[in-house]
Structure formats: structure tokens, C-alpha cells
1. If you line up the long axis of helix 16-27 against the longest principal axis of the chain, both from Cα atoms, how many degrees apart are they, to the nearest 10?
2. Using a 1.4 Å probe on the protein chains only, how many percent of the accessible area of the range 1-87 belongs to carbon and sulfur?
3. Once the Cα atoms of helix 40-52 and of the chain are each reduced to a long axis, what angle between those two axes, in degrees from 0 to 90 to the nearest 10, is obtained?
4. With only alpha-carbon atoms counted, please give the Rg and Dmax of the range 1-82, in Å.
5. Using a cut-off of under 12 Å, list every residue of the range 26-60 whose amide N is near the label point 7 Å from the Cα of K66 along the Cα-to-beta-carbon line.
6. Can you spot the lysines whose alpha carbon is less than 18 Å from K116's alpha carbon? Ignore those fewer than 8 places along the same chain.
7. Measure off 7 Å from each Cα along the Cα-to-Cβ vector at A130 and M1, then give the distance between these two points in nanometres to one decimal.
8. Enter the angle in degrees (range 0 to 90, nearest 10) between the Cα long axis of helix 67-81 and the first principal axis of the Cα atoms of the chain, meaning the one along which they spread out most.
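The values are calculated or read from the model by the stated rules, or taken from the named source; none is laboratory data. All figures in this text were calculated on a predicted structure; none of them were measured in a lab. Ideal geometry is used to build each Cβ from the backbone, glycine not excepted, and the neighbour counts take in all protein chains shown. For accessibility, only protein heavy atoms count, side chains too; no ligands or nucleic acids. Shrake-Rupley method; radii C 1.70, N 1.55, O 1.52, S 1.80 Å.
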Amino acid sequence: MSLNGKVAIVTGASRGIGRQVAIQLARSGAKVAVNYSSSRGKADEVVMTIEQFGGQAAAIQADVSKVSEVEALFSETLERFGRVDILINNAGIMENNVIADVSEEIFDRHFTLNVKGTYFACQQAMKHIAQGGTIINFSTSVSGAMLPTIVLWEFSCR
Ligand SMILES: NC(=O)c1ccc[n+]([C@@H]2O[C@H](COP(=O)([O-])OP(=O)(O)OC[C@H]3O[C@@H](n4cnc5c(N)ncnc54)[C@H](OP(=O)(O)O)[C@@H]3O)[C@@H](O)[C@H]2O)c1
């Protein structure tokens, strides 16, 4: 499928699954905002990889657990590429926590990124995404496993 002319934001694209998604979108022709939180060097390396095969990408720092930084991620992408067609909400953490051992700090860390970050990125997409655009939210197949006493931290919406 050709994504020529489309612009994608991939949250947490400096490494792991997000990195591969960003590269694949660029291979299909999309211009990609490679979001990262702290791994500047790794995000730059993803951009270089994309540019080496003739694609276009920009590394954009934003902690997506903070609403102001989600807004900045969208405005920087719009400034750089002029539109947004695809949002991939990939940034997320999932520690294997037993319910009884979850502290307030662990709870907040997961919810501010997996739930709040995803929610407000969707909100920004509702404001800015072009007609016919796409939002993909990551979850985990572990949610189907119904493991007793284990917390499932992934947020998913349709
Ligand atoms: N790997 C699996 O087996 C698996 C299974 C099921 C679901 N998932 C889900 O798939 C997604 C990707 O998983 P992964 O294993 O590829 O992750 P990963 O290797 O740990 O990479 C996480 C990415 O998210 C970024 N990130 C972390 N906190 C952030 C924040 N506050 N704001 C912006 N970016 C942030 C990181 O950026 P920095 O490098 O700058 O820190 C990094 O690029 C997650 O939602 C995860 O829960 C993964």
C-alpha cells in the first residue's frame, strides 16, 4: 500500500516496535515524526535509516505522558510536514506487577503514559488529523490471557 503524501506520527519510535513501525511507514512513502522521550541518539539513527532509503523523517522529543508535550508534538509535526494523517500510539510501558504489590508511583507511571498519553494524543488527532486519517492504539495480546492477580496496563479504544 502506498502512503505517498501521508504524514505519520509514531510515539516511542526511537527503539523497539515503534522503531520498526516508523521505518515501515516510511518505506511505504509516509513522512514520519519519530517521537522519543529521552533517547535522542537512537531517534536520530531511525531518521538516518529512513533518509538512507530516500524517505523523510524528523526526530521530535516529547514526553507523551504530558499534555503540553503531546500538543507540542502535533504542532511541530504540522510545522515540519504540513499535515497529520496517521497516529500510532505505540509509546507505553508494561511491567509485570502483581496487584498486591503495586505502589501509587507504579500505578501513576503506567496510567500517565498508557492511558493519559494515549487519550490526549487521540484528542490532538481529533483536532488535527486529515480527512480519512487513521489512529492505531497499541495494546497487548496478554490482555486475552486473563492472568489472575496480574495487572494489565494497556489501554485500548476503538
Ligand atoms: N515488546 C513486547 O513484547 C510487547 C508486547 C505487548 C505490547 N507491547 C506494547 O508495544 C509498545 C512498544 O513496546 P516496546 O517493547 O517496543 O517498547 P520499548 O522497546 O520499551 O520502547 C519504548 C519506546 O517508548 C518511548 N517512550 C517511553 N516513555 C515515553 C514517554 N513518556 N513519551 C514518549 N515516548 C516514550 C521510548 O523512548 P525513549 O527511547 O526515548 O525512552 C521508546 O521509544 C508498548 O506500548 C508496549 O506496551 C509490547
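1. Between the helix axis and the principal axis of the chain, the angle is about 20 degrees.
2. Heavy-atom surface of the range 1-87 belonging to carbon and sulfur, 1.4 Å probe: 45 percent.
3. Roughly 40 degrees, rounded to the nearest 10.
4. Rg and Dmax of the range 1-82, Cα atoms, are 11.5, 34 Å.
5. Residues passing the 12 Å test: 37-38.
6. K66, K127
7. 1.5 nm
8. Once rounded, the angle reads 20 degrees.
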